[in-house]
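The values are calculated or read from the model by the stated rules, or taken from the named source; none is laboratory data. Small disclaimer: the values here were computed from a predicted structure and weren't measured. So basically every Cβ, Gly included, is an ideal-geometry build from the backbone, and we count neighbours across all protein chains shown.
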Amino acid sequence: MAALPLPALHASHGGCWLRDGGGTRTISKGEAVMAAADTPLLILNAPLLATRLGYPDLSGLDLLELFAFVHPARFVVPTPKGLAHALGLAEPAADADVPRLLQEAAGALLEMCASDDWPEREGAWTTLQSLVRMRWPWSTLLTARIRKPERAERWLFTRLPEWEESPEPAQPRQVTLGEADVLGRLAQLTGSGAEQRPGQRAYAAEAAHAFAPRERSGRPHMLLAQAGTGIGKTLGYLAPTSLWTEQAGGTVWVSTYTKALQRQLRHESRRAWPERREDGSRPVVVRKGRENYLCLLNLEDALQGGFSGRAAILAQLVARWAAYTRDGDMIGGDLPGWLGTLFRQRGIAALTDRRGECVYAGCPHYRKCFIERATRASVGADLVIGNHALVMVNAARGRDPASRPTRIVFDEGHHVFDAADSTFAAALTGAEAIELRRWVIGPEKASRGRRRGLSARLADIASYDEAGAKAITAATAAAEALPGDGWMQRIAENAASGPLEELLAAVRATVYARDESGGQDAGYGLETEAAGLEGAFVEVAQAARMALAELRQPLIRLGMRLEALLEEPPDWLDGPGRARIEGARHSLAWRVDTVAAWEALLDRLGGPADPEFVDWLAVDRSEAREFDIGIHRRWLDPMKPFAQVVLEPAHGVIMTSATLRDGEDWGKAMVRSGAAQIDVSPRLSTHQSPFDYAEQAEVLIVTDVPKGDIPALSASYGRLIEASRGGALGLFTAIRRLRAVHGRIADRLARGGLPLYAQHVDPIDTGTLVDIFRDDPAASLLGTDALRDGVDVPGHSLRLVIMEQVPWPRPSILHRARRLANGGSAYDDTLIRARLAQAFGRLIRSREDRGHFVVLSPAFPSRLLSAFPAGTPIRRVTLEEALQRVAGHASGATADPAEDSRPLS
């Protein structure tokens, strides 16, 4: 294998290295920038390299782009080590060895393109012709190595298989699972040589009760099961699940909160189900919201000129991926998470159906659609792996029987409350309103894409049905009252146009008038209660409400006309046409419900407060820049609509988590399950973790790092990471502090061979950051809430968790209302203990794991200590003592706890 003899550049926080004709040498950042500007260099991850060099215009021959072309839908960690492992090359021993690796990797990838054994050859030559015209940097090198096929290639739209219609499934048989059968199935799944786990066996037996026949309508069997880390709850509930689907012939949904658990479930499910049945169908299907999947019509528009410049290259690489993907999932599926960030714009989102503009059967790619394929595959599946939000949305407005599950396992059940809170919320904001305007009217500027208004999408209906045509015309006219392009600029200039923009202007003025921060917190949004509003504000709100009513009425009439067409179809209405009208009805109903919620929200302003809801006005900001304005409404208890929409229709529900209850108290978990709303008394089940926390972990509460002292905080993080020799997960409650700490310590750590990555700093998506962290035991990762839960990094790669302070709840208007209704400070303590327990849960993931959990809090309240597992040593120590203990663990030494620490009971 010959290395590609082109100059290669690598840079980290520890320095810069260039390899050219004179070998590899260390250079300054200035020299690296000059070299990159003079000639195309071999590089890895251009956006990250640009961040390291402070040179945003960096470009070159990025190995990640070449890998995405040569091996679409194949996983690689986007680091030198990850690239070496993916290509079977020697791992670089140090930063200075990376340029040589880049040359070898380029040679290996180009050599593959010339090989007869290249598994992803089909479609490559066709794609390359387009990339040549776009002057993609790699195209010249590839042209010499990819031969023109003898016959025309099957490419993308001709290569993708079509889904087939299937009959609706019969109702499942009513069966009762025997405990012996469940435990026998569990033994099959775990394997004959597996360790016997009494906790897992007890858990599986408890879970089986949720699959019993329902005794009363609206009263599902419910199980709340707390299962500590290491119990093996995934196989614990998959055992009765697989047995029930086999005997009853029904479908079970497993709902998660994080994409990481979805991937784990897909892997674990292979123990119980084959990849495909004999008839070719899949017994296990992963379902996500529409916005996660590639839209083939959007991709076609992008390939035909809808994207330009670098985005057009991205579209070609996505097209390569689309021909080889397992299921078309762009967010957390087999599309590399780093691909979109390479192009430093929102191209990935533009290729999904985020705006609800699907034309269903009117799309030329309807029979190949990834979304429709997953939906239909769910109908006959044994197991559907979804997420909390999808389960709730589909239960509320699902279009098909498979979208309304009757047997549900809510894994990561402690997040069900938060998911319901978001799902059943209402928000009348400028961003939401302008999207509705564009859906009704169409884009205000000429668009090369497929964005069209109602009149264009339903032109054939309008020409046939006079009443429908009038409804479309009336809706289009009424939508003119909604905010248009440039609405934020007009509001800032006191030139609002139309009743909705005038309302948003009044919201903004009121929020700023009531702000008491004095501009000290300019990086964050502002909010105020929707109470005590002046008469002028209420008048503006009522004018906006009337404008929304003027829009809702014709949308309702249009929906009725579409329903009439389906009941008495004209001769020209074929099957695809019916499907398109069904899709339009669904989309209309969704928007009618949205507008009705907005009207109800505005109607309440100026009147008595509704105790069921919390309403507030907000100006959303990021880095002191306003990006939205609006009025928000949340249920005080979102489990009320959840219980009605999700629980009542279900027959069996399991909610499970390692942090479901608060200490020994089930009260809060019962309330947050929604069971009380439908008068159900769930079974309660507790299964303690089998880990020996007294031997495997230690909680250190550092008492001498002053709160708010950024230099001291940064020094503490740096010294702790050095003491553990990497492997640290640093958790922050504020992005500003995260960035400040990273900026102060990253270079020093890198020079010591300890790479540091960070959310909101490195131009890398969160999932990829975790992949990088997991792959390198010397690396450390800083992050916020997204890393506190759902991150599974077992083994030596994670041996230290550092929290900058107690994770106090943000004092928002919504939190204040719930705090007042749920016991005041006791409510806060419950939330904090849950967050601490979730963060601690990142540390010990297997029996072999060892590590420290450090909280930099001088006055950590003792009442919060019950968040940690029983038996875990908890000590208040100075920073120096903490460093000694962490370093002792890193070096394999054991210290006498009595010598240098003060244990807590």
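Identify the residue in region 686-711 that is among the β-branched types (Val, Ile, Thr) and outside any helix (DSSP H, G or I) and, among all such residues, is farthest from THR872 (Cα to Cα).
Going through the qualifying residues, I end up with VAL705.
I want to confirm something. Restricting to region 83-114 and keeping residues that are closer than 22 Å to GLY333 by Cα and touching a helix residue (DSSP H, G or I) at 6+ places or on another chain (Cβ under 6 Å), which single residue is surrounded by the fewest Cβ atoms within 10 Å (Cβ to Cβ)? The selected residue is LEU87.
Scanning region 462-497 for residues that are assigned to a loop (DSSP other than H, G, I, E, B) and either surrounded by 18 or more Cβ atoms within 10 Å (Cβ to Cβ) or aliphatic (A, V, I, L, M) (or both) yields ASP465, LEU482, PRO483, GLY484, ALA495, ALA496. Looking only at residues of region 355-380 that are assigned to a loop (DSSP other than H, G, I, E, B) and farther than 23 Å from THR423 by Cβ, we find that the one that is farthest from the chain's Cα centre (by Cα) is PRO364.
Please find, within region 444-475, the residue that is nearest to ARG591 (Cα to Cα) out of those that are modelled with pLDDT under 80 and acidic (Asp, Glu). Applying the filter and picking the extreme gives GLU444.
Which residues, counting only those in region 198-232, are more than 27 Å from ALA870 (Cβ to Cβ), among the charged types (D, E, K, R) and in contact (Cβ under 8 Å) with a residue 40 or more places away in the chain?
Within region 198-232, ARG214, ARG219 qualify.
Just one of the listed residues (ALA715, ALA675, ALA658) is at pLDDT 90 or above, farther than 30 Å from PHE417 by Cβ and hydrophobic (A, V, I, L, M, F, W, C), and it is ALA715. One residue is enough: does region 884-895 have a residue meeting the conditions assigned by TED's automatic domain parsing to the domain that holds LYS707, modelled with pLDDT under 95, under 30 Å from ALA826 (Cβ atoms) and polar (S, T, N, Q)? Within region 884-895, not a single residue is assigned by TED's automatic domain parsing to the domain that holds LYS707, modelled with pLDDT under 95, under 30 Å from ALA826 (Cβ atoms) and polar (S, T, N, Q).
Could you tell me whether region 751-761 includes any residue that is in contact with a His (Cβ under 8 Å, 6 or more places away or on another chain) and more than 26 Å from ARG885 (Cβ to Cβ)? Scanning region 751-761, I find at least one residue that is in contact with a His (Cβ under 8 Å, 6 or more places away or on another chain) and more than 26 Å from ARG885 (Cβ to Cβ), so the answer is yes. The strands (runs of 3 or more DSSP E) found entirely in region 204-318 that carry 1 or more residues being of a type in the set (Phe, Trp, Tyr) and at pLDDT 90 or above are 252-256.
Just one of the listed residues (GLU168, GLU195) is surrounded by fewer than 13 Cβ atoms within 10 Å (Cβ to Cβ) and touching a residue at least 12 places away in the same chain (Cβ under 8 Å), and it is GLU168.
Restricting attention to region 558-569, and to residues there that are within 37 Å of the chain's Cα centre (by Cα) and surrounded by 16 or more Cβ atoms within 10 Å (Cβ to Cβ), which single residue is modelled with the lowest pLDDT? Write out each step before concluding.
As a first pass, look at region 558-569 and keep what is within 37 Å of the chain's Cα centre (by Cα): 558-560, 562-563.
Subset that is surrounded by 16 or more Cβ atoms within 10 Å (Cβ to Cβ): 558-559, 562.
Working: LEU558: 93, GLY559: 91, LEU562: 87.
Once the filter is applied, the top-ranked residue is LEU562.
The residues of region 736-795 that are in contact with a Pro (Cβ under 6 Å, 6 or more places away or on another chain) and of a type in the set (A, V, I, L, M, F, W, C) amount to a single one, ALA779.
Applying a threshold of 8 Å to beta carbon distances and a minimum spacing of six or more residues, or different chains, the list of pairs starting in region 595-617 at a residue that is not assigned by TED's automatic domain parsing to the domain that holds GLU550 and ending at one that is of a type in the set (A, V, I, L, M) is empty.
Annotation note: of VAL614, VAL653, VAL619, the sole residue that is among the β-branched types (Val, Ile, Thr), buried (at least 18 other Cβ atoms within 10 Å of the Cβ), more than 25 Å from the chain's Cα centre (by Cα) and in a strand (DSSP E or B) is VAL614.
Cβ-Cβ distances below 8 Å connect the following pairs, each with a first residue in region 4-24 that is in contact (Cβ under 8 Å) with a residue 24 or more places away in the chain and closer than 24 Å to ILE745 by Cα, a second residue that is assigned to a strand (DSSP E or B) and among the polar types (S, T, N, Q), and a separation of six or more residues or different chains: GLY15/THR26; CYS16/THR26; TRP17/THR24; TRP17/THR26. All of (1) modelled with pLDDT of 95 or more; (2) surrounded by fewer than 21 Cβ atoms within 10 Å (Cβ to Cβ); (3) not acidic (Asp, Glu) hold for ILE721 with one exception: (2). Among the helices (runs of 4 or more DSSP H) confined to region 1-118, the ones with at least 1 residues that are modelled with pLDDT of 95 or more and of a type in the set (S, T, N, Q) are located at 98-113.
Listed here are the residues, each with its yes/no results for (1) surrounded by 20 or more Cβ atoms within 10 Å (Cβ to Cβ); (2) touching a residue at least 24 places away in the same chain (Cβ under 8 Å); (3) among the β-branched types (Val, Ile, Thr); (4) more than 15 Å from LEU160 (Cβ to Cβ).
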| residue | (1), (2), (3), (4) |
| --- | --- |
| ALA311 | no, yes, no, yes |
| LEU314 | yes, yes, no, yes |
| TRP321 | yes, yes, no, no |
| GLY328 | yes, yes, no, no |
| LEU339 | yes, yes, no, yes |
| ARG346 | no, no, no, yes |
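Would you confirm whether or not region 427-441 contains a residue that is aromatic (Phe, Trp, Tyr), assigned to a helix (DSSP H, G or I) and at pLDDT 90 or above? No - not one qualifying residue is present in region 427-441.
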